[in-house]
1. Tell me which residues come under 5 Å, amide H to amide H, from residue 403 once H is placed; ignore anything under 5 positions away on its chain.
2. In whole Hz, with x marking every Gly and Pro, tabulate ³J(HN,Hα) for the range 432-449 from phi via Karplus 6.51 cos²θ - 1.76 cosθ + 1.60, θ = phi - 60°.
3. If we sort 169-176, 76-83 on the protection proxy, mean other Cβ atoms within 10 Å, highest first, what's the order?
4. So, R0 is 25 Å and r is the distance between the beta-carbons of residue 230 and residue 204; what FRET efficiency does that work out to, to 0.05?
5. Would you grab the residues whose amide H sits under 5 Å from the one on residue 126? Only those 5+ places off in sequence or on another chain, please, with H modelled 1.01 Å from N.
6. Applying the Karplus parametrisation 6.51 cos²θ - 1.76 cosθ + 1.60 with θ = phi - 60° to the phi angles of the range 342-358, what ³J(HN,Hα) value in whole Hz is obtained for each residue in order, glycine and proline being reported as x?
7. Less than 11 Å Cβ to Cβ from residue 319, Lys/Arg counted +1 and Asp/Glu -1: what total charge do the surrounding residues give?
8. Note down the net charge around residue 61, summing +1 for each Lys or Arg and -1 for each Asp or Glu among other residues with Cβ under 15 Å from its Cβ.
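The values are calculated or read from the model by the stated rules, or taken from the named source; none is laboratory data. What you see is a predicted model, and the numbers here were worked out from it, not measured in a lab. Ideal geometry is used to build each Cβ from the backbone, glycine not excepted, and the neighbour counts take in all protein chains shown. Ligands, DNA and RNA are stripped out before the accessible areas are found, and what is left, the full protein with its side chains, is counted by its heavy atoms. Shrake-Rupley method; radii C 1.70, N 1.55, O 1.52, S 1.80 Å.
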Amino acid sequence: MRRPGFLGLRGRLVLALLATSALTVGVVAITLLSPLEHRLRADEIESLHQAAVVVRPLLARVPEEALRPGSARLDRAVKLAAGRVDAQIVVASRTGALLAATVARPGDRVAQAARAAREHRVVRYVSGGGPAIEATYAVPGRVGEQLVGIAVTRQLDEAVSATQTVRHAMLLAAAAGMGAALLLGLALSARLVRRLRSLRDTALRVAQLGLVVQMIPDDRRDEIGDLQRAFSTMQNRLREQEEARRTFVSTASHELRTPLASLRLMLDLAREELEREQPDSVEARREVERASGQAERLSLLANELLDLSRIDAGVPSDLQLVDAAAITGAVVREFSARAESQGQGLRLEAGTGAWSIADHGHVAQIVRIMLDNALRFAPPGEAIDVAVTATAQAVAVRVRDRGPGIPRAEREPIFERFARGAATGGEGGFGLGLAIGRELATRMNAQLQIVDVEGDGACFELRLVPAPDPERSDARTPPDAPEPQRERHGARRLRVRRRV
C-alpha cells in the first residue's frame with residue numbers, strides 16, 4: 001500500500017511549500033522591482049533639477065564679455081559647476097551656438113539648452129536604454145544681459161545599479177528560502193508521514209487481529225495526535241461493547257439453559273407418569289403446572305431481551321404531555337390481583353394533574369418494573385406504598401416495600417444488566433428489569449434511583465420532567481374528568497407499551 005514519495009503526502013507537501021515560496025518571490029519581484037527602479041530614476045531626474053538650480057547662479061557670476069566660445073573664464077566656471085553637482089554641463093546660446101561644455105561631444109544637449117533659452121522654460125530629455133540611460137535637464141539662465149540655456153546631464157546608472165543589487169539580493173533570498181522550505185518540508189513531512197503510517201499500520205493490525213491490538217500512544221497536541229487518541233477511544237469503546245456483548249450472550253445463554261433444562265425434565269417426568277399403566281393424574285398435573293411456570297419464565301426472559309434489543313437499537317422515545325398519576329393508578333390496578341393473591345396490599349397516594357413530558361409507554365413499563373420488584377421482596381401481610389407527587393422541579397413516582405432492603409454498596413450495581421442483589425438468594429427474575437427501567441428513564445431525560453427512607457425496606461423513585469405549562473393539561477385528559485373516562489385514558493396509554 002506504499003505510494004511513491006512524489007505521489008504521497010510527503011511529495012505534495014514539499015511541492016506545495018516550494019510553489020508557495022516561488023509564488024511569494026515572484027509577487028514580491030513584480031510589486032517591488034519595477035516600482036523601485038521607476039522611483040529611483042524619478043529621484044535622479046529630480047536631483048538634476050536641483051543641480052540646474054545650483055548651476056544657474058554660478059554661471060550668472062561670469063562677466064558678459066566672457067560669454068563666447070573658447071572663453072577660458074567661462075570654461076573654468078562651467079567645470080567648477082560640473083564638479084560641484086557631479087554632472088555634465090553644456091551652455092548654449094538662444095541661436096544654438098555652443099558656448100561651453102564639459103564633454104567632447106555634447107550632441108543633442110546643445111539643441112535642448114538652446115530650446116530652453118529660446119522658449120524660456122525647463123526642458124527634460126531622456127535618451128538611451130537599458131543600463132545606459134542618460135537624463136538631461138535644461139533650464140534658461142542669464143550671463144549678464146544675455147539669455148543662455150544650461151543643460152545638466154547625468155547617467156542614471158545609480159538607479160540601475162541599485163535595482164540590480166536588489167534583484168540579486170532577492171534571487172539569493174529566494175534560493176535560500178526555497179532551500180529552507182525544501183528542508184523544512186522534507187523534515188516535517190517525514191514526521192507526519194511516519195506518524196500516519198504508524199496509525200495506518202495499527203489500524204490494519206486491528207482489522208487483522210482484532211481489538212486485542214494496542215494503539216501506539218501519541219501524546220503530541222496536534223491533529224494527528226487527536227486522531228490517534230480518537231482511534232484509541234473508539235477501540236476502547238468497541239472493546240467494551242464486545243466484552244459486554246460476550247457477557248450478554250454468555251449470561252443470556254445460561255439464563256435460557258436453566259429453565260429449558262428444567263422444562264424438559266418436567267415434561268419428561270409428566271410423560272413418563274402418563275405412560276404408566278395406572279398414571280397418577282395428580283403428579284402429572286403438578287409437573288405440567290411446574291412446566292407452565294418455567295414456560296412463563298422463559299416468555300418473560302424473551303420479552304426482556306426483546307426490550308433490551310430495542311433499547312440497544314436506539315428506538316427514540318415518544319415524548320409528549322402525560323399524566324403520571326393516571327398511568328400509575330392504572331398500573332396499580334393491574335397489579336392489585338397479584339398483590340391480593342400473595343397476601344400483600346397496594347396503597348396509592350396520587351393527586352390529579354401530575355403532568356410531565358415523557359413517553360407514557362415507558363412510564364407504565366418502569367412503574368410495572370418497580371411494582372414487580374416490590375412484590376417479589378415485600379413480606380406477606382405488608383402493604384406496598386405507591387405515591388405520585390408533582391412539584392415545579394419534578395414529577396416523582398415512588399414505590400416502597402417493607403422487605404429486606406438494599407445495601408448501599410449494591411444500589412448502583414443492581415441497575416446493571418443481569419445483576420441481582422444478595423437478598424434475592426438466587427430467586428426472582430433475571431436481573432434485567434431495573435437495567436431496562438433505568439435505560440428507558442434515561443431516554444426520557446428522567447431518573448430511576450433508590451432513595452433513602454426511614455425504616456425497613458427499599459424505595460425506588462422515578463423522577464420525570466414536569467410539564468412546562470400545567471394550564472395546558474386539558475390538551476389531553478382534563479383533570480376534572482370523570483373517573484371512568486380517566487381509566488379509559490390511562491388504559492389507552494398503557495396499550496402502547498408493546499409497540500414502543
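1. Answer set, sorted by chain and number: 457, 458.
2. Going residue by residue, I get 10, x, 5, 5, 5, x, 5, 5, 5, 5, 4, 5, 9, 6, 10, 9, 10, 8 Hz, with x marking Gly and Pro.
3. On the way: 169-176: 12.5, 76-83: 17.6.
Put in order of decreasing packing, that is 76-83, 169-176.
4. Details: r = 17 Å, r/R0 = 0.69.
Calculated value: 0.90.
5. The list, which skips near neighbours in sequence, is 136.
6. The phi angles translate into 8, x, 10, x, 10, 10, 10, 10, 8, x, 10, x, 7, 7, 8, 9, 7 Hz.
7. Spelling it out: positives minus negatives among the neighbours equals -1.
8. Values: positive: 56, 73, 76, 79, 84, 142; negative: 64, 65, 75, 145.
Residues near residue 61 contribute +2 overall.
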